[in-house]
Amino acid sequence: DAKEKGRNNYQFFTPALNTTAQRHLTVANRLRQALAHDEFALYYQPQVDMESGTILSAEALLRCLQPGDKAPISFGAFITIAEKTGLILPIGDWVLRQACLQLKQWRDLGYADLRIAVNLSPRQFHQPHLLATIEQILGETGLPANALDLEITESVLLQRSEDNLDTLQQLNDMGLQLSIDDFGTGYSSLAYLQRFPVHALKIDQTFVRGINQNLNDTALVTAIIAMAQSLHLEVLAEGVETEQQASFLMSHGCRAAQGFYYGEAVPAKTFTRLLRRQTAHMPGVQDSNVRRK
Ligand code: C2E
Ligand code: MG
Ligand code: MG
Ligand code: MG
């Protein structure tokens, strides 16, 4: 015990840990600054129906803007520290509001069935004000609840499961869509999937990458699609990068996908052009999103 303590004390002063602590501080300060000075931006990645090419939804992905011409940084690099410091709560509220305001603009342009997907981290999911915040944002934007798709990870389902069930039930009662992100990487069992009111599974990109390359990945993708079908859940494949992956998925009954093959995450203006181009240049394709006013 004393030895353990001694070792911990010693470790506290090692350069490695100091560097970690320093990075923690630097990132936390950077996030606070970005919040205060409006240096966040949402990028949007299309979620498409593979058969028709129709854009069904846009996933909002957070970027931290950089000074000058430097490329914005993915929020993925900051998420752990944002969670630990609690900064994820104000940041997450900003994301929800911004994403809904943007979807409202697209719907007003005529893309009336377009939907938006927003990522929710575990801490956001467990905050008491989540439902009130979402209700307020829907009220402000006038969007129906079913326009919003919340992406949560399996770890959210595993922690504090009775509370979770309550929250999920209430979100479901409001009419929101719930998807499990990175599906297959966590530990959710069939029992969980039956018990929680979720609507869709997003097959994690690591498995999609292994399609036709790795027997285990290929088997897992096939099994997840079959499982989703038998549980009457929608299924979307993440990280689709090749035509081969797309055709494998379609031939196994998965219709929805996102990934570089269909388009990376882009700023809102560029996404608007994607929507327009789809309408203009795909006359053979039923654009179910466009309802001209
Ligand atoms: P995610 O929700 O699973 O998002 C998918 C990530 O995969 C995105 O990275 C996306 O740009 C990337 N991606 C999409 N298609 C492909 C592909 O074909 N190939 C490859 N290699 N990658 C692809 P991004 O934007 O860096 O986001 C990383 C993670 O950060 C997200 O994973 C999500 O967990 C988290 N995140 C992003 N924005 C937010 C946010 O607003 N709130 C929260 N709580 N988390 C966020
Ligand atoms: Mg996601
Ligand atoms: Mg994912
Ligand atoms: Mg992920």
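What the table shows:
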read-out	value
Residue identified as in contact with a Cys (Cβ under 7 Å, 6 or more places away or on another chain) and within 13 Å of ligand 1 (Cβ to nearest atom) among Ala257, Ala237	Ala237
Matching residues, region 137-172, being more than 16 Å from ligand 3 (Cβ to nearest atom), under 20 Å from Ala60 (Cβ atoms), assigned to a helix (DSSP H, G or I) and of a type outside the set (Ser, Thr, Tyr)	Ile137, Leu138, Gly139, Glu140, Ala145, Asn146, Ala147, Leu171
Residue in region 239-246 that is open to solvent by 20 Å² or more (accessible area, probe 1.4 Å) and in a helix (DSSP H, G or I) present	yes
Some residue of region 172-187 being over 30 Å from Leu109 (Cβ atoms), out of contact with any strand residue (DSSP E or B) (no Cβ under 9 Å at 6 or more places or on another chain), surrounded by fewer than 18 Cβ atoms within 10 Å (Cβ to Cβ) and polar (S, T, N, Q)	no
Some residue of region 116-126 being modelled with pLDDT of 95 or more, within 16 Å of ligand 1 (Cβ to nearest atom) and surrounded by fewer than 17 Cβ atoms within 10 Å (Cβ to Cβ)	no
Neighbours by Cβ (under 8 Å, 6+ apart or cross-chain): first from region 193-206, farther than 13 Å from Ser161 by Cβ; second open to solvent by 50 Å² or more (accessible area, probe 1.4 Å) and more than 16 Å from ligand 4 (Cβ to nearest atom)	Pro197/Gln169; His199/Glu234; Ala200/Glu234; Leu201/Glu234
Given (1) more than 16 Å from ligand 2 (Cβ to nearest atom); (2) buried (at least 19 other Cβ atoms within 10 Å of the Cβ), index of the condition Ala265 fails	(1)
Hits in region 172-192 (condition: free of Cβ contacts under 8 Å to residues at least 24 places away in the same chain and either within 14 Å of ligand 1 (Cβ to nearest atom) or charged (D, E, K, R) (or both))	Asp173
Complete set of residues in region 21-65 that are in contact with a helix residue (DSSP H, G or I) (Cβ under 7 Å, 6 or more places away or on another chain), open to solvent by 50 Å² or more (accessible area, probe 1.4 Å) and not in a helix (DSSP H, G or I)	Glu51
Filter result (within 16 Å of ligand 4 (Cβ to nearest atom) and surrounded by 14 or more Cβ atoms within 10 Å (Cβ to Cβ)) within region 66-78	Ile73, Ser74, Phe75, Phe78
Given (1) more than 16 Å from ligand 2 (Cβ to nearest atom); (2) open to solvent by 70 Å² or more (accessible area, probe 1.4 Å); (3) farther than 20 Å from Thr54 by Cβ; (4) not aromatic (Phe, Trp, Tyr), number of the condition Gln205 does not satisfy	(1)
Among the candidates Leu87, Leu103, residue that is within 27 Å of Ile55 (Cα to Cα) and either aliphatic (A, V, I, L, M) or open to solvent by 40 Å² or more (accessible area, probe 1.4 Å) (or both)	Leu103
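The values are calculated or read from the model by the stated rules, or taken from the named source; none is laboratory data. Computed from a predicted model, the values in this text were never measured in an experiment. Cβ: placed from backbone, ideal geometry, glycine included. Neighbour counts: every protein chain shown. Each accessible area value is taken on the protein alone, full model and side chains, heavy atoms only, with ligands, DNA and RNA left out. Shrake-Rupley method; radii C 1.70, N 1.55, O 1.52, S 1.80 Å.
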